[in-house]
Amino acid sequence: MREVTVLGAGLAGSEAAWQLAKRGIGVRLVEMKPKKMTPAHRSADFAELVCSNSLRSDELTNAVGLLKAEMRRLDSLIMKSADQNRVAAGGALAVDRYGFAHTITEALKNHPNITVVEAEADAIPEGDVIVATGPLSSDAIAERIAALCPDSDLHFYDAVAPIVTLESVDMDSAFFASRYDKGTADYVNCPMDKDEYLAFVRELTTAREAEIHGFDDSGVFEGCMPVEVMARRGVDTLRYGPLKPVGLKDPRTGRENYAVVQLRRDNAEGTLYNLVGFQTHLTWGEQKRVFSMIPALRNAEFVRYGVMHRNTFLNSPRLLDRHYALRSDPRIRFAGQMTGVEGYVESAASGLLVGIETAAAVLGLPAVDFPQETAIGALSLYISGGSVGDFQPMNINFGIITPLDHRVKGKRNKNAAISERSLGIIDTMLKEREILQL
């Protein structure tokens, strides 16, 4: 049996290993946990969600909803686990992070074609290899990657939001609702009046931050902007961002509040909730002090404070092809956030594509070459063909998918039509591509 080594069992590595193993290819899955942990990790399980527990929208009028639908059709392990461990989150797909990771871990450890090696990867092995060690790669493997990829020193910073217990939230000062009554009332909404909001922003902008070597606000990826950095951009920035009250009527007054902090369920039992959009690198003491200024959180029990860490990514348009293979040595492929895909689903999708295309190469079958009309193909073509000079991480979006060849009135209708076309292409490929039938 031919064997492929997968370095790293995060979202991308786990998905790549699954796609290889289900096609009869031996996988040597190397993961340094639990022997070595990073500051962001808490669990020994694979595919741990270290930031939010939300995989974002599940609707086909949203590009990430389309990407998830494509992955479901392609038998994604990540999507199977997400669907099995779903927690209520309105129109979004959020998961019980512990159940999600445990389901994936058990599936991989019990697969007869996968051998799990609990060790820190400190070299790029011979033969076919997929490097999915993530943006928090250990120093040893990061040095090997840097030697292969002289442009790998690009970086940005990522932040994690705090989690509180539901029983410690003052529900006399909060209410359950979903924005615009979309879906069920799954979010705890914590309103603030104008004076409360202005006092909160004032303290947030001057609160003491944890020291992080080399950090400055310009190095932060926009999708994970720390709440204090947003607050410094202007007094109303948060009110037009994560604290936007629009579409949330307070049942006590029938009106919208001045600002609203939303809490999203973080586990299946509904005992833990995370502060939506509150990624931060404030010191833990300052987080407790400032976030407790939110009336509903005045006595909140914080079971996890926000943390900040450095994420590194490759200059992929210069280094990688559309299959995420290293142009200078195609036996080596990369997957996950280090390629410049941004987001849980995008990372898993890159692993799915790499797993399938690596399997095709190993088995001597034609490449799939997912087209730009599909979300998974558009993402890989952006990563391999985006701007070399100023390459930045990218979430999936309809802007990088090939436009329709005809006009459709209305943005939602147009997006729905793009999704319908894409899924039709995926369905045809499932019938025509031999590697997708294995």
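Structure above, values below:
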read-out: Kirkwood hydrodynamic radius over Cα pairs of the chain, then Stokes diffusion coefficient at 10 °C and 1.306 mPa s, in µm²/s; value: 71 µm²/s
read-out: Charge dipole (the stretch 345-438, unit charges on Cβ, about Cα centre) - positive-most of Leu436, Ala349, Ala360; value: Ala349
read-out: Cα-based radius of gyration of the stretch 242-349 once divided by 2.2 N^0.38 Å, which approximates compact folds; value: 1.56
read-out: Mean separation of Cα contacts under 8 Å, 6 or more apart, over the residue count of the chain: relative contact order %; value: 21 percent
read-out: Ranked by how many other beta carbons lie within 10 Å on average, peptides 130-143, 175-188 from highest; value: 130-143, 175-188
read-out: The stretch 362-434: Cα Rg divided by the 2.2 N^0.38 Å rule of thumb; value: 1.27
read-out: Theoretical gain in end-to-end length, Asp321 to Lys194 [0.36 nm per residue, Cα-Cα removed]; value: 40.6 nm
read-out: Solvent accessible area, Å² - His102, 1.4 Å probe, full protein context; value: 90 Å²
read-out: Spin-label model distance (nm) - Lys409 vs Glu106, 7 Å beyond Cα toward Cβ; value: 5.1 nm
read-out: Debye log10 I(q)/I(0) for the stretch 28-184, one point scatterer per Cα, at q = 0.11, 0.15, 0.19 Å⁻¹; value: -0.60, -1.04, -1.39
read-out: Estimated D of the stretch 102-183 in µm² per second, where Rh is the Kirkwood radius over Cα pairs and Stokes-Einstein applies at 4 °C, 1.567 mPa s; value: 72 µm²/s
read-out: For the stretch 158-307, alpha-carbon Rg over 2.2 N^0.38 Å; value: 0.99
read-out: Ordering of 163-172, 324-333 by packing [mean C-beta count within 10 Å, highest first]; value: 324-333, 163-172
read-out: Cubic angstrom per residue, convex hull over Cα atoms of the stretch 1-119; value: 96 Å³
read-out: Pairwise label distance in nanometres, Val235 with Ala146, each label 7 Å out on the Cα-Cβ vector; value: 4.5 nm
read-out: The stretch 336-346 - phi-based ³J(HN,Hα) in whole Hz, Karplus 6.51/-1.76/1.60, Gly and Pro as x; value: x, 5, 5, 7, x, 6, 10, x, 4, 5, 5
read-out: For the stretch 288-438: span of alpha carbons on each principal axis (Å, largest first); value: 60, 45, 36
read-out: Highest to lowest packing among 351-359, 255-263, scored as the average C-beta count within 10 Å; value: 351-359, 255-263
read-out: Rh by Kirkwood over Cα pairs, then Stokes-Einstein D for the stretch 1-62 at 1.002 mPa s and 20 °C, µm²/s; value: 160 µm²/s
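The values are calculated or read from the model by the stated rules, or taken from the named source; none is laboratory data. All values reported here derive from a predicted model rather than from experimental measurement. Because the Cβ atoms are built from the backbone with ideal geometry, glycine has one as well, and the counts that use them run over all protein chains shown. Surface accessibility is based on the protein's heavy atoms, side chains included, excluding ligands, DNA and RNA. Shrake-Rupley method; radii C 1.70, N 1.55, O 1.52, S 1.80 Å.
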